Amino acid sequence: MRGRHADAYSMYKRGTRDYINAYDKEPGSVRSLNGVSKEIGNPSWKRSFLYILVASLASFLYGYHLGVINETLESISNDLHFNGNTMAEGLVVSICLGGGFLGSTFSGLIVDRVGFRRAFQLCALPMIIGSSMSATAKNLWGMLLGRLFVGTGMGLGPTLATLYVTEVSPAYVRGTYGSFTQIATSLGLMSSLLIGFPAKETEGWWRICFWVSAVPAALLALFMEFSPESPHWLFKKGRAADAEAAFEKLLGGPYVKGAMAELSKSERGGEAETVKLSELLFGHHRKVVFIGSTLFALQQLSGINSVFFFSSTVFKSAGVSSQSANICVGIANFLGSFAALLLMDKLGRKVLLIGSFSGMIVAMGLQAASASSLVSSSNEVYLSVGGMLLFVLAFSVGAGPVPSLLLSEMFPGRIRAKAMSVCLASHWVVNFFVGLLFLRLLEQIGPLVLNTIFATFCLVAVIFVKRNVLETKGKSLQEIEITLLPPE
């Protein structure tokens, strides 16, 4: 059986080479590194736009479930009888992050086996089930089980959305389209905050908040049935004809040959073989995997999700209405995400990362200063709230959207899905402990020390990005692969 598979794969590769050679001999066919003929220009962005929006529903759901606890945690703790137990409250927040770790860990394996369309539908399923379980929970354990189910979908969603957007987008708008996932996340976060406002006044409203999230999950599963599969995945599976059809749907007929030839140029032997974890951690790709894992860990160690999870609690202690404060947080997040959409393909990924983490250092400095004895009580609120909003704005411009897009661009197609799942595992592990321990650390060491620690991690991130991250703006995935990982 294995021999027949190898023979079929060899025939497929020979056919692909013949296809490329025939294309290269066609008169008047001058191709750039992006696989696009200089005579016909870039493909229309409109062809792939709708499919990007569908994939972004996974990021919307991630943002929604990230923020749904913010306004509802107090009501949930009262109704389920664990009010005042900071560890239990932290566990309600962080248990979905533990589920996210599981989903993220297996996301690469799932994508490689069943493709993106089916993987998105599998991502939607636990979100529907988990939301229903949380909405009907009668005690803490029922809520935790539902949040765990939701978390597995949250772990799958961001990985799938980032990889799919990267693989179906034309190179010249890939950065812009990559920002759509962050915008969708911010819209999901804002939606959860707005829907959660009546939770404190209306008994049982928090259950409605969980029921609502089942709707976009169902839409994601439905619309993916009519979306094209990633041509990169199809090509890797030896389905060249299907990959051509997908490219025609995404780019248009005149661009299919160029896209196929460019895709084939970067193809290396062994793509039909299984990628082992040891190869990612200790093999030829270990440096890029290390950069990705460290970047995701630093993203979470900056303290961003402590803002999203517990901003209501922090603002309440500062004497600010949680509703008005959370609206401001959502607006700041959306404005920053929109700025990233405009700047990603103009300034580049590395510039946005450095500028973003630098702004976060300043913002955390303001929050730390507000907790010091040097600031009067009348100015404390302005520094605390202003620092938090500046922090969210700076994060959403670069540190939020760039790491996922950058790494999905840097990894070769053969290992892209599994390498992303390994890197995102560090994201979920750190995210879990930040969510679990934030309130307790805030009580024990105070906001001054805690915010100083977060600012220090942001400084480490700036230094790390300057020394290790390469720019990928405007380059095709194949060009990036050839540049970073030349054949051994």
Taking only protein heavy atoms into account and a 1.4 Å probe, give the accessible area per residue of region 43-227 in Å². 34 Å²
With every atom except the alpha carbons ignored, what do you get for Rg and Dmax of region 283-487, in angstroms? 17.9, 62
Once LEU125 and PHE226 are pulled to full extension, the length gained, defined as 0.36 nm per residue separation minus their Cα-Cα distance, is 34.6 nm
So the label point goes 7 Å from the Cα of PHE338 along Cα→C-beta, right? Which residues of region 183-199 then have their backbone N under 17 Å from it? 183-191
If one computes the Cα centroid of region 341-365 and of region 384-429, what distance in Å separates the two points? 12 Å
Which is farthest toward the positive dipole end of region 43-227 among THR185, LEU148, THR162, measuring Cα position about the Cα centre, with Cβ charges +1 (Lys, Arg) and -1 (Asp, Glu)? THR162
So which of LYS46/LYS237; LYS46/LYS473; LYS236/LYS475; LYS257/LYS466; LYS346/LYS418 end up more than 31 Å apart by C-alpha? LYS257/LYS466
Once Lys and Arg are counted +1 and Asp and Glu -1 for all other residues with Cβ under 15 Å from that of PHE106, the total becomes +2
Which length gain, in nm to one decimal place, applies between ARG118 and THR456 when the Cα-Cα distance is subtracted from 0.36 nm times their residue separation? 117.6 nm
Suppose every Lys and Arg Cβ carries +1 and every Asp and Glu Cβ carries -1, with no other charges. What dipole size does region 283-487 come out with about its Cα centre, to the nearest 20 debye? 540 debye
What part of the accessible area of region 43-227, given as a whole %, is carbon or sulfur when the probe is 1.4 angstrom? 70 percent
Per the charge dipole of region 283-487 (beta-carbon charges, Lys/Arg positive, Asp/Glu negative, Cα centre), the residue among GLY348, ILE445, GLY330 reaching farthest to the positive end is GLY348
Extension gain from MET87 to TRP141, taking 0.36 nm per residue of separation minus the Cα-Cα distance: 18.1 nm
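The values are calculated or read from the model by the stated rules, or taken from the named source; none is laboratory data. Keep in mind it's a predicted model, so treat the numbers as computed, not measured. Cβ: placed from backbone, ideal geometry, glycine included. Neighbour counts: every protein chain shown. What goes into the accessible areas is simple: the full protein's heavy atoms, side chains included, and nothing from ligands, DNA or RNA. Shrake-Rupley method; radii C 1.70, N 1.55, O 1.52, S 1.80 Å.
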